[in-house]
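Undergrad: Take a look at the following structure, please.
The values are calculated or read from the model by the stated rules, or taken from the named source; none is laboratory data. This is a predicted model, so every value here is computed, not measured. No Cβ is skipped: glycine too gets one built from the backbone with ideal geometry, and neighbour counts run over all protein chains shown. All accessible areas refer to the heavy atoms of the entire protein, side chains included, with ligands and DNA or RNA removed. Shrake-Rupley method; radii C 1.70, N 1.55, O 1.52, S 1.80 Å.
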Amino acid sequence: MSLGIGLVGLGAIARAQHLPALEQVEDVHLAALASRNATLPDLPCYPDIDALLAAEPDVTAISLCTPPQGRFDQAMAVLRAGRHLMLEKPPGATLSEVEALREEAARRGLTLFASWHSRAAAGVDPARDWLTGKTLRTVVIDWREDVRKWHPGQQWIWQAGGLGVFDPGINALSILTAVLADPARLISADLQVPEGRETPIAARLEMRAADAAITAHFDWRESGDELWRMRLETEEGGATLDQGGARFAIDGQVQPIAESSEYARLYERFRDLVARGERDADFTPLRLVADAFLNGRMHQVAPFIEAPHG
Ligand code: NAP
């Protein structure tokens, strides 16, 4: 039987990825929407999650696509109403709230899926397989993009809990923590926060995993060639994940990997978790970000002006 999904928050990612994936994946369909501003034709639409839950007892699974701040109350309402829950990344604004969600879901025997779309990128599984059994020496992560292009007008990313440049950076950390055999721990961090903003526009992290040294550069001020790259050096050779994990090259040779839609894979996984009565809620990437905020040095930098230059 097809799993009917209630979607909450019709913003950039819901429109670009969730709606097409819900069309594409077998045995999953969009059953209702909760949006403060939007409706979709031929679909039950509600102004908020509470109204949706009250009116749609048969919608047993909810996908939250709202910003991390404020998501906890929505998520808890979903679980308390006995529905399964899929969370966009990051799973929340704090570790304590996401851990409370995991406990609540477990106590009620409900599925909680904390999704990390970058882990579903086509090159990630091959990279993990390639790394298995090798001795990792260094990892260098470069995640550089233009915030004006990807987050136009989004205020929440600059507000506490919105993560700033860690909003994309956590995608790199989700890949890192998926491919490494050993846990990564933060050694130091430098966060550059624009004057008048609450979250960083750039960050540099030093981490270690066993004997491997890991450096990550995240920067939202890249107006030229954007880069979402992870370079892995082992005693047995090197490899590169590129394009956010979609491309994988070993010693410079691009590996043939079948294209796949990250979001289709996420909904397949959610469907299967619900069918099996399982949970998948790994908060390791959020823990590294929390450590960077805990232990990082803050540097004030020039104000960020939303309007593009010229
Ligand atoms: P967005 O464009 O700002 O959309 C978020 C939507 O959430 C809004 O359109 C709104 O939908 C709803 N919302 C509810 N309360 C809100 C509030 N207080 N402030 C703003 N919106 C609120 O954000 P997004 O880019 O889709 O990101 C949403 C989540 O997806 C984030 O966790 C983000 O990290 C993740 N994500 C984004 C991308 C991307 O490229 N944009 C990629 C992967 C993951 P209604 O008007 O329908 O209520």
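Undergrad: Can you tell me which of (1) buried (at least 19 other Cβ atoms within 10 Å of the Cβ); (2) farther than 24 Å from residue 145 by Cα; (3) not basic (Lys, Arg) is the one residue 202 doesn't meet?
TA: (2)
Undergrad: Select from region 87-129 the residues that are free of Cβ contacts under 8 Å to residues at least 40 places away in the same chain and under 30 Å from residue 256 (Cα atoms) and list them in ascending order.
TA: 125, 129 - these are the residues of region 87-129 that are free of Cβ contacts under 8 Å to residues at least 40 places away in the same chain and under 30 Å from residue 256 (Cα atoms).
Undergrad: Take region 65-104 and flag every residue that is within 11 Å of the ligand (Cβ to nearest atom), touching a helix residue (DSSP H, G or I) at 6+ places or on another chain (Cβ under 6 Å) and not in a loop (DSSP other than H, G, I, E, B).
TA: The one that is within 11 Å of the ligand (Cβ to nearest atom), touching a helix residue (DSSP H, G or I) at 6+ places or on another chain (Cβ under 6 Å) and not in a loop (DSSP other than H, G, I, E, B): 74.
Undergrad: Next question. Just one of 234, 240 is surrounded by 15 or more Cβ atoms within 10 Å (Cβ to Cβ), more than 22 Å from the chain's Cα centre (by Cα) and over 23 Å from residue 92 (Cβ atoms); which is it? Before you say what the answer is, go through the steps one by one.
TA: On the way: 240 fails: more than 22 Å from the chain's Cα centre (by Cα).
The conditions single out 234.
To keep it simple, each residue is scored yes or no on (1) over 30 Å from residue 49 (Cα atoms); (2) over 16 Å from the mean Cα position of the chain (by Cα).
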residue	(1), (2)
82	no, yes
115	no, no
130	yes, yes
152	no, yes
188	yes, yes
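Undergrad: If you don't mind, there's one more thing I want to ask. Could you grab the pairs with beta carbons closer than 9 Å, sequence gap of 6+ or different chains, first residue in region 227-241 and among the small types (Gly, Ala, Ser), second one open to solvent by 60 Å² or more (accessible area, probe 1.4 Å) and in a strand (DSSP E or B)?
TA: These pairs meet every condition: 238/231; 239/231; 239/233.
Undergrad: Is it the case, given these coordinates, that residue 61 is touching a strand residue (DSSP E or B) at 6+ places or on another chain (Cβ under 7 Å) and in contact (Cβ under 8 Å) with a residue 60 or more places away in the chain?
TA: Judged against the criteria, residue 61 is a match.
Undergrad: Checking residue 93 against (1) surrounded by fewer than 20 Cβ atoms within 10 Å (Cβ to Cβ); (2) small (Gly, Ala, Ser); (3) under 17 Å from residue 166 (Cα atoms), which single condition isn't satisfied?
TA: Single failed check for residue 93: (1).
Undergrad: Residue by residue through region 105-119, note down the ones that are open to solvent by less than 20 Å² (accessible area, probe 1.4 Å) and over 24 Å from residue 212 (Cα atoms). I'd like the intermediate steps shown before the answer.
TA: As a first pass, look at region 105-119 and keep what is open to solvent by less than 20 Å² (accessible area, probe 1.4 Å): 105, 110-116, 118.
105, 110, 111, 112, 113, 114, 115, listed by residue number.
Undergrad: Please specify each residue of region 1-57 satisfying the condition of being part of a strand (DSSP E or B) and β-branched (Val, Ile, Thr).
TA: The initial filter retains those residues of region 1-57 that are part of a strand (DSSP E or B), namely 3-8, 28-34, 45-46.
The answer is 5, 8, 28.
Undergrad: Quick one: in region 20-39, which of the residues that are more than 9 Å from the ligand (Cβ to nearest atom) and open to solvent by 40 Å² or more (accessible area, probe 1.4 Å) is farthest from residue 115 (Cα to Cα)? Give the derivation first.
TA: Going through region 20-39, the residues more than 9 Å from the ligand (Cβ to nearest atom) turn out to be 20-32, 39.
In the following step, the residues that additionally are open to solvent by 40 Å² or more (accessible area, probe 1.4 Å) were identified as 20, 23-24, 26-27, 29-30, 39.
On the way: 20: 17, 23: 18, 24: 18, 26: 19, 27: 19, 29: 18, 30: 18, 39: 25 Å.
For region 20-39, the residue satisfying everything is 39.
Undergrad: Condition check: within 16 Å of the ligand (Cβ to nearest atom) and surrounded by 20 or more Cβ atoms within 10 Å (Cβ to Cβ). Does residue 136 satisfy that?
TA: On the way: within 16 Å of the ligand (Cβ to nearest atom): no; surrounded by 20 or more Cβ atoms within 10 Å (Cβ to Cβ): yes.
It is false that residue 136 is within 16 Å of the ligand (Cβ to nearest atom) and surrounded by 20 or more Cβ atoms within 10 Å (Cβ to Cβ).
This table checks each residue for (1) under 26 Å from residue 112 (Cα atoms); (2) modelled with pLDDT under 95.
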position: 200; (1), (2): no, no
position: 208; (1), (2): no, no
position: 215; (1), (2): no, no
position: 221; (1), (2): no, no
position: 248; (1), (2): no, no
position: 257; (1), (2): no, yes
position: 264; (1), (2): yes, no
position: 273; (1), (2): yes, no
position: 288; (1), (2): yes, no
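Undergrad: While we're looking at this one, here's another question. Of all residues in region 42-64 being more than 15 Å from the ligand (Cβ to nearest atom) and not aliphatic (A, V, I, L, M), which is most open to solvent (accessible area, probe 1.4 Å)?
TA: 42
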